[in-house]
Every structure is written in C-alpha cells, then in structure tokens.
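The values are calculated or read from the model by the stated rules, or taken from the named source; none is laboratory data. On a predicted model such as this, the values are computed, not experimentally measured, just so you know. Every residue, glycine among them, receives a Cβ derived from its backbone with ideal geometry; neighbour counts consider all protein chains shown.
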Amino acid sequence: MLTAGFELACERLRNSSLDGPPIGLNPIAEVRLTDVAIRATELEQGRGHRSPADPPITTGAIYPIWEDQAAYQNELAIHIAHLHAERRAQLEHDMVLAFADNAATLSAATKAAGKVLYRGLVGDPTFPLTISLVAATGDPRIREAMLHNTTENHTIVPVMDMTVKLRGARVVEPFSTESLYRCFRALIDGLLVQRMLDPDYFAALDEKLASGSFGEQGDAQEEAWTLLSRATHALILGFTEPDRG
C-alpha cells in the first residue's frame, strides 16, 4: 500500500513541476485511498500476485490498517523520508568507494565521488518529495528521519578525516571533520534545490561540462570537473590547513 502511495506522490510531484518548482507543495495531500487501492491492484497484477479476474483491492482492505486517509498519509510521509535516508546512505557508501579508488590526488577523488553521489541523487524522486514534505508539513518525524542519516553516518566522516590527514593537513579549529561533512551535505542539498528551481540552467551547464571543450582539463585519466566536485574541492581546501604539529 505504501509503495502504491509513493508512486502516486511521485506522479503528483512530476505533474506539478510542469507549472513551476514543487518546493512547498505537499505531494501526498491528494493521495486518496481510492487511488491507492487501484494502484495497489495494478502493482499486484504486474507482479503476478493477482489475476485480472480476481476482485480488485478496495479501501475495505486499507481501513483495518489505517483508520482514515490522514493516518495513511502521515505514515506515507514517514515512509518516504526513511526511504530517502536509506537510498542516500547507500549512495554515500558508493561515494566513499569511488573516493578511495581515486585517492591519488584530491582532485581525482572529489571528481569521482561527486559524480557518483550527485548523479544518483538527481535521479532519485525521494529527495524532492522529502524536501517538499518538510516545507509543506513541518512534521518533526520527517526532520528526524533526514537528520538521522546525517548524525548516524559512521563511514564518510572517518574517510574525510583520513583524506585530510594523508594530505598532511588538519581541519581548521574550532571546526571538525563532522563540520566539513555537514557543509558537504548542505552543498549537495543546496545544489539539488537549485536544480529544482532552475533546471534549464543546470541542463545547459551539464551539456557544457560534458563537452569538455573548455578551460583546464587536467589529467586525462581523471573525471571532468563538475559544479559539485569543484565546490567540494574548494570546501576541503578552505576547511583545512597544514598540520605543523
């Protein structure tokens, strides 16, 4: 049932983006239980769990689980927020691997890692859905689900710390490696929101970057620079200083 609601919310968000940025829109406000039942039936048929000859799922199968539409929508919102946190954690894990595999230079590492994370999030509907839910509902449980993925990250912070130390550097006091990580998260979130607000600019920039016909190209074996990797590179340099101790 929650998968059906998630698909309907994604469609609502896509349709709304034709008229303008979806920030502030509550994408689950128009997810009705009757539509959920229809979509759930379609999903079950697509998976081979239900024959077209079988009776369809009705709201009568939903009400024993959720007492009303508001209760369902509340749980759907939390489900989407947790789904985003899980997907983001996996992408950040993949980013760590890309960073480690290209650790010969800081530029190579940030280019490879930025490509993995940013491109994964750009195509992930859970990010704009979660941002829209936070803006539209202010539900503290959604905020907690997003924050959990930040505060419970036990992989990226140590990798960032190791990267800084291998460069013979340290994070400028009074900041810490976690401060650097939170700024990195804010950078990514901000760029994704900007992409939602002005997709044409980013589409043109992506095309220009993909052409590779401008400016400094660097090592031919490295990934090309992107807006995220350039900004991340500058962020790391700005937060660190030579470790003379």
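For this structure, a couple of remarks:
- Checking Ala145 against (1) farther than 30 Å from Leu237 by Cα; (2) surrounded by 16 or more Cβ atoms within 10 Å (Cβ to Cβ); (3) modelled with pLDDT of 85 or more; (4) of a type in the set (Gly, Ala, Ser), the condition it does not meet: (3)
- Among the candidates Pro140, Pro158, residue that is closer than 30 Å to Glu241 by Cβ, modelled with pLDDT under 85 and exposed (fewer than 15 other Cβ atoms within 10 Å of the Cβ): Pro158
- Considering the conditions (1) within 14 Å of the chain's Cα centre (by Cα); (2) crowded, with 21+ Cβ neighbours inside 10 Å; (3) closer than 30 Å to Gly168 by Cα, Ala109 is excluded by exactly one of them, (1).
- Test: Thr126 is in contact with a His (Cβ under 6 Å, 6 or more places away or on another chain), surrounded by fewer than 23 Cβ atoms within 10 Å (Cβ to Cβ) and in contact (Cβ under 8 Å) with a residue 40 or more places away in the chain: yes
- Candidates in region 1-35 are the residues that are out of contact with any Lys or Arg (no Cβ under 7 Å at 6 or more places or on another chain) and of a type in the set (D, E, K, R); of these, the one that is modelled with the lowest pLDDT is Asp19.
- Where a residue in region 180-209 is within 12 Å of Leu227 (Cα to Cα) and its partner, wherever it lies, is outside any helix (DSSP H, G or I) and among the small types (Gly, Ala, Ser), with Cβ under 7 Å and at least six apart: Leu209/Ala224
- Count of region 75-96 residues which are of a type in the set (Gly, Ala, Ser) and modelled with pLDDT of 85 or more: 2
- Restricted to region 46-99, and to residues there that are part of a helix (DSSP H, G or I) and of a type in the set (Ser, Thr, Tyr), the residue that is surrounded by the most Cβ atoms within 10 Å (Cβ to Cβ) is Tyr72.
- Options Thr110, Thr41, Thr59, Thr34: the member that is closer than 30 Å to Ile188 by Cα, out of contact with any Asp or Glu (no Cβ under 6 Å at 6 or more places or on another chain) and hydroxyl-bearing (Ser, Thr, Tyr): Thr110
- Hits in region 100-134 - residues which are within 23 Å of Ala210 (Cα to Cα), in a helix (DSSP H, G or I) and of a type in the set (Ser, Thr, Tyr): Ser107, Thr110, Tyr118
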